[in-house]
Each structure stands twice: as C-alpha cells, then as structure tokens.
Amino acid sequence: MSDLSNAVVVVTGGATGIGLALAREAVNRGAKVMIADIDDATAAVDELREAGGDAASVVSDISNIEDVRRLANETVERFGEVNVVCNNAVFAVPGTLQETDPELAGRVVRVNVEGAINIVHVFAPFLRDAAAAGRPSYLLNTGSEHSLGVPPHVEPFSVYTTTKFATLGLTLTAHRDLADWGVGVSMLAPGWTLTEKVQAAVDADPAVAQAILPFAQESSVVAAKAFDGFLGGTRVIATNPFSRAFAMEHARALMIDVQELPLVEAPGEHAHDGSGDVGTCPFMGAR
C-alpha cells in the first residue's frame, strides 16, 4: 500500500540530518510525523508544522527500552496508530577498532544496534496491527554505504562501520521475521549526504568541499529515494551511484570466497539446501 495520506510516520534521530529529511518527505506525502530524538526537536516540529504538517516530538534515547516504549505509547495516544517506522537514530565516532575508546565504542553499539533492535521489538506489534487493518505498514532501517562494504574513500569509522553491517543483518532478519505479518522491511544505504553537519564542514573549508561535493547528494534526494524504495518493496535502497564500485568489489570478493566451498551432491536432500524450510532445522525439535 503506497498511499501515505494521514499515515503515521515515526522517525528516530529526526531532529536533524537524514532523519529530518525523512520527516520532511513524510509530510510532503501527507503523513503525520512523530520525531524521536535524544535532543529537543522543537525546531524541527515547528518547521514541519509551518509546512502544513501534523507533527510532534518526544525526547527519547532509543538505547533505553523504556524510552522506546514511552515513544510508542505517546505516538499512539497522539495519532492513533503507527504505519511507518524510520529506524534512523545513529551515533558515530572516528577511529580504527584498536584506537577507539571502549566506552565510546559501547555507546555506538548501544544506539546503532541495541537501540535499533529495541525499536523493532516495541513497534512490530503496532505495524502488525496496521497491516491487519489494511493500512500502510513499513519498517525502514537507516544503514549506510558502510553497510555494503568497508568504504576505502573515507577515514576509518570502524565501530560505526561494524554497526552498519549489523543494520543490514537486522534488516534481512526483520524482513523474514515480519513477513507473515505483512510488514514491509527495507534498509536505506546512502553515501555522502549534505546534512546540516556535512554542509557546515563544506562551507567552512574549501578542501573539504572539493573532497565531498562531487560525490554528495542533497538530503531531500536521499529521503525521496528512501520513500520510493520502501513503498516499492526494495529491500536495500542504495542511493548514491558512487557507492557502486566498492560495494560491487566487496560483493564479488564475498562470492569468490563462498564459491571455494565444494558443491554438495543431491542438494535437495539436506537441511541447508536453500529451500528455506525451517522445519528441517535440527534445533526446532530441541526447543
């Protein structure tokens, strides 16, 4: 179902950046928006309302499950249902794995992975109910081109990159787990995006501008591609053409390594034959 008129869209990390761009796109498509952010999102809500949108916000730390439950309850109390969840909140620090402070690394994992899982766990029943009522029902996880491989063209953000690979895994498992409920699941995988923070860096330093601008996309473009993608059933929504080369190199390398495995005789006679028959899993009977 692709019509989002009067649908309710929740955007985590929606006060700024790609999250705010997603909120703007939701309003442009006629949806009502609840922004969740660890910071106050009053300015974002005021902007959306000035544009004619019905919007509200909740201060929420998605790594705290009680905050996520409160977010869900306040959304339903305010708007009556939940149709789209943009699982977008993110935390990142630069550095290699060996040099990143473990406490900072833990915070990245708690927000980007544990927080994203919290969102799915709490909001899945609301999305199930929306689907059962014939209403739009979608989960959009914001990954990155870092979900598609280790980008060679940016300085190491190694813990962040690790968590964005986890976002891909989260998306693929949620796609399986929520399929019977009729919930569409997709992952947004943008490259360089001209968020407020990136634009400020570009404006402040000509060298940064020269390095980024030839490869960057406007936030509004990324958000529009995101909505077109998940509404169209695209599982991985890669937005930036400059992600293609290294992502394909990563995919080829993975397939080369996997193809080193020998072919199995009579592939239809074992539990891992690719059929997806979970009933053949040996652990099913042990649970």
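Which of the helices in the chain, when you take each full DSSP H run, stretch at least 15 Å along the axis at their Cα atoms and have an average Kyte-Doolittle score of 1.0 or higher? Don't skip to the end; give the middle numbers.
Details: long enough: 17-28 (17 Å, 0.78); 65-79 (21 Å, -0.69); 116-132 (23 Å, 1.15); 158-177 (28 Å, 0.01); 219-231 (18 Å, 1.06); 244-258 (21 Å, 0.47).
Helices passing the filter in the chain: 116-132, 219-231.
How do the peptides 150-159, 135-144 rank, highest first, by the average count of neighbouring beta carbon atoms within 10 Å per residue? If you can, show how the numbers build up before the last one.
On the way: 150-159: 16.2, 135-144: 25.5.
Per-residue Cβ counts within 10 Å, averaged per peptide and sorted highest first, yield 135-144, 150-159.
In percent, rounded to a whole number, the relative contact order of segment 8-108 is 30, using alpha-carbon pairs under 8 Å and six or more apart. In this simple spin-label model, placing a label point 7 Å from the Cα along the Cα-to-Cβ direction at both residue 132 and residue 177 gives a separation of 1.9 nm.
Shape verdict for the chain, please, from the Cα gyration tensor: rounded (a/c under 1.5), prolate (a/b greater than b/c) or oblate. Judged from the Cα gyration tensor, the chain comes out oblate (a/c at least 1.5, b/c at or above a/b).
Give me the accessible area per residue for the chain, probe 1.4 Å, as a whole number in Å². Walk me through the intermediate numbers first.
Numbers: 14730 Å² over 287 residues.
Per residue, the chain has an accessible area of 51 Å².
A cut-off of 5 Å between modelled amide H atoms, ignoring neighbours fewer than 5 places along the same chain, links residue 54 with 33.
Under a 5 Å amide H cut-off, with hydrogens placed 1.01 Å from N, residue 237 pairs with 187, 188, 189 among residues at least 5 apart or on other chains. Take the solvent-accessible surface of the protein heavy atoms, probe 1.4 Å, and return the percent of it on segment 174-263 that carbon and sulfur atoms account for. Carbon with sulfur: 60 percent of the solvent-accessible area. Simple spin-label estimate for residue 205 and residue 74 gives 3.6 nm between the two label positions (7 Å along the Cα-to-Cβ direction from each Cα).
The values are calculated or read from the model by the stated rules, or taken from the named source; none is laboratory data. This is a predicted model, so every value here is computed, not measured. Every residue, glycine among them, receives a Cβ derived from its backbone with ideal geometry; neighbour counts consider all protein chains shown. Keep in mind that these areas ignore ligands, DNA and RNA; they rest on the heavy atoms of the full protein, side chains included. Shrake-Rupley method; radii C 1.70, N 1.55, O 1.52, S 1.80 Å.
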